[in-house]
Amino acid sequence: MRAYKTTMFLLPLLLVAACDGREESAIDNLANGANAAQLGNNVRAEAMALMEPLNPPEPGTPGGLPIDPEPIVEGSITPDSAQGAAQVVQGYYGLLEEKRFVDAQDLWDQSGAIGSQDDAHFAARFRGFSEIHANIGAPSEPVTEPEGTASHVTVPVQVYGRIAANGKPWHVLRQVLLRRVEDAPEDKAEQRRWHIESIGAYVPSPDAQAAAPAHAISMTDGMAKKP
């Protein structure tokens, strides 16, 4: 039964290879006792090479990130700074890229709807994508909230990747809102660190160069509603 399942798994890959005349060597290798897993990996790599490349728009162009006028000097980042917040965002999308969804969810506000969602439903937000990547933009300056005990930062993100159903590239601009509470009590010490409050549509700052919006599709957020 196991061999039957392995062969059925390889059939779609062999059909992809057949599109450019490689089915004969693939089938011959399988018939001659080649390692099925290795053969599958080889055919998958060849199929990926035939896909449209991922080339998200450059900064300053429609669909691209705004141009950062002030690059950060190396070594000047502290965890509670705006750049520290941007590093949290970079880490979040890095975890999504590695499909480490449980770890990624830990960077959300754990008392919020997304942070407290069960693991399976959080992971389901991204099941429509075979690849997820991101370019992180420059964060805003921290804004102190009226109570004076918390602050928030927004970070622009260009999310791009590949749709699982058809292998097509996609991209969209998003904006991540992060928050931290400086004097959070000991039992809520995690609130003192930057955590993700929300991810929504990118809103250019008043002094930023206007850019045409990316052509988003309904599944690019990967957001499944909470049941």
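Some values worked out for this structure:
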quantity	calculated
As computed over region 62-166, the Cα convex hull volume per residue (Å³)	136 Å³
Of all accessible heavy-atom area on region 60-140, the percent that carbon and sulfur account for (1.4 Å)	54 percent
Solvent-accessible surface (1.4 angstrom probe) belonging to residue 188, in square angstrom, nearest 10	110 Å²
Sorted peptide list for 80-90, 193-203, criterion being average Cβ within 10 angstrom, highest first	80-90, 193-203
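The values are calculated or read from the model by the stated rules, or taken from the named source; none is laboratory data. Being a predicted model, the structure only gives us computed values, none of them experimental. Here the Cβ is made from the backbone with ideal geometry for all residues, glycine too, and neighbour counts use every protein chain on show. Just so you know, the surface numbers come from the protein's heavy atoms only, side chains and all, with ligands and any DNA or RNA stripped out. Shrake-Rupley method; radii C 1.70, N 1.55, O 1.52, S 1.80 Å.
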